Amino acid sequence: MKVFAPYRSIYPSTVPRSVVAFWILCVVLQAGPGLALEDLIAPKIGVVISMKIRPYMEAAEGIEGVISTFGGQADLFFVENNTDKQTQILTEKILSGKYDQCIGVGPEAARYLWALKPDPSPIYSMLLNPEDVVGTGGNECGISLNIPVSDQIDIISRVFPDLKSLGLLYDPANNGNFAKTAVALSAIKNLKITKLAVSHRKMIPEVLFGGWNTIDALWLIPDRTFISESIIQYIIKEAISNNVAVIGFNRFFFQSGAALSFVMDYGAIGRQTGEFALKRLKDGRCVKVVPAFKIMLNDAIIKKVGIAVEGEK
C-alpha cells in the first residue's frame, strides 16, 4: 500500500518513493502567527455530537486536544436518543451563555444548533454538503467532508498521468452540479469525463456495460442512489474484470479493490475544527478550509488493471 501526499504538497522531494505508509494532511488550518496562547483566556467550547460512532468521536477528540492545548475546556454532548427532558437540559446549557463557541459534529447536531441559534452562531464539523443541512443564509461556518472537485481532478490527473477518459457514475438528481463542474474542470487537464448517469440502482449494470470500452477509470462519488456496500463491491469487481481502475472516497473502497481512494482523517478534521473555532473567537471570521485527507493507492489492483502511476512508468 502507498499513501500519496495530496494536492499542494504532492510528491514532496524529501520523501522516498519507497515509503509504505505516508500521511499528509491537505491544507490543514494553521493557528497562524496571530493566534498566540495569550490571546485566548481558557475558552469554553460546547461540542454537540450527533451520535457515538467512531468518526464523530475521533473528530471530537481532535477538537478536545486543540482546545486543551490553549488552556480551554470542551464539554461533549450528544443528541442521539435523548428524551424530551434531556433535550431540554441540553438546550438550557447551550443557551446559558456559558460557552464562548458551540460546535455541531455531524448533521443531526448541526441541525439542532442551527435551530437554537446560540450567540455566537455555531460552527459545524463532519458534514457532507453542509448547505443541505444548515442552509446558505450567510452564517455557515465550519469544516465539511467535501474535497473540492478541482482538487480531486488535479490529484487524479497527477497520480495517473496517462489517464485520458474518466467515467463518472452519478445520479443527476443528487450530483448534477458536481458532474457539470467536473466536466468543465477536467478539460483544463486534458482529461475527458464520460458521464454515466443513473436514476435508479437497477440501471447500473446496463450503464456500466455500455461504458467499459470507453473509459480508463471509473470515478465513484458519494451518491445516495447507489451507495451500499454490496453495490460498491459489485461495481469494483466488474471494473477490475474489465481492466478499469476505480477511484473511491473512503477506506472501504480501498479495501474492496479501488485503485485510488480519498480517505478522510477524522481526528485531523477535529483538530482543524478546534483551530477554526479558536481563530474565529479571535477575529470573528469564517474562512473556507479543505478537510484533512489522505490518498491511498492499491498497488496490487493498479498492477492488475495496468494503469500507469506517476513516476513509475
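Nothing in this text is a laboratory measurement; each read-out follows from the coordinates by a stated rule. No experiment lies behind these values; they were computed from the predicted model shown. Heads up, the Cβs are rebuilt from the backbone with ideal geometry, glycines too, and the neighbour counts pull from every protein chain shown.
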Looking only at 284, 137, 210, which one moves most when the chain is put into a Gaussian network model with springs between Cα atoms under 10 Å? 137
In region 88-150, the trypsin sites (Lys or Arg not before Pro) that fall in loop regions by DSSP, at most 15 other Cβ within 10 Å: 98
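Using the number of other C-beta atoms within 10 angstrom as an exposure proxy, rank 194, 83 with the fewest first. Kindly include the intermediate steps, with their values, before the conclusion.
Values: 194 16, 83 8.
Least to most surrounded, the residues fall as 83, 194.
Can you sort 207, 287 so the residue with the fewest Cβ neighbours within 10 Å comes first? Before the final figure, lay out the partial values.
Numbers: 207 14, 287 10.
Neighbour counts put them in this order, fewest first: 287, 207.
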Under 5 Å between amide hydrogens, which residues at least 5 positions from residue 129 or on another chain qualify, with H placed 1.01 Å from N in the peptide plane? 145, 146
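Counting other Cβ atoms within 10 Å of each Cβ, which GluC sites (Glu not before Pro) in region 71-146 have at most 16 and sit in a DSSP loop?
Filter output for region 71-146: 80.
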What is the angle, in °, between the Cα long axis of helix 107-116 and the longest principal axis of the Cα atoms in the chain? Nearest 10 is fine, range 0 to 90. 40
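Against the empirical 2.2 N^0.38 Å scaling, what ratio does the C-alpha Rg of region 63-153 come to? Please list the in-between numbers first.
Working: Rg = 14.3 Å, N = 91, 2.2 N^0.38 = 12.2 Å.
Against the compact-globule rule of thumb, the ratio is 1.17.
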Rounded to the nearest 10, the angle in degrees between the Cα long axis of helix 172-188 and the longest principal axis of the Cα atoms of the chain comes to 70
Taking the Cα centre of the chain as the origin and placing charges on Cβ (Lys, Arg +1; Asp, Glu -1), which of 91, 142, 203 is farthest toward the positive end of the dipole? 203
Rounded to two decimals, the Rg over Rh value of the chain from Cα coordinates and the Kirkwood Rh reads 1.01
Per principal axis, descending, Cα span of region 52-97 in whole Å: 34, 28, 8
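Taking the Cα centre of the chain as the origin, how large is its charge dipole in debye, to the nearest 20, when only Lys and Arg (+1) and Asp and Glu (-1) carry charge on their Cβ atoms? Don't jump to the answer; show the numbers that get you there.
Numbers: 32 positive and 30 negative charges, 131 e Å.
The calculated dipole for the chain is roughly 620 debye.
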Could you tell me how many degrees, from 0 to 90 and to the nearest 10, lie between the Cα long axis of helix 54-69 and the main elongation axis, the longest principal axis, of the Cα atoms of the chain? 50
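Could you tell me the convex hull volume per residue, in Å³, taken over the Cα atoms of region 145-250? Intermediate results must be reported in sequence, preceding the final value.
Numbers: hull volume 10.0 nm³, N = 106.
It is 95 Å³ per residue.
Taking the number of other C-beta atoms within 10 Å as the exposure measure, put 50, 199 in order starting with the fewest. If you can, show how the numbers build up before the last one.
On the way: 50 21, 199 11.
Fewest-to-most Cβ neighbours within 10 Å comes out as 199, 50.
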Binned Cα-Cα distances of region 58-216, short to long, each 5 Å bin given as a whole percent: 1, 7, 13, 14, 13, 11, 9, 9, 9, 6, 4, 1, 0
With +1 on each Lys and Arg Cβ and -1 on each Asp and Glu Cβ, and nothing else charged, work out how big the dipole of region 160-203 is about its Cα centre, in Debye to the nearest 20. 80
Treating each Cα of region 214-313 as an identical point scatterer and ignoring solvent, apply the Debye formula and state log10 I(q)/I(0) at q = 0.10, 0.14 Å⁻¹. -0.38, -0.63
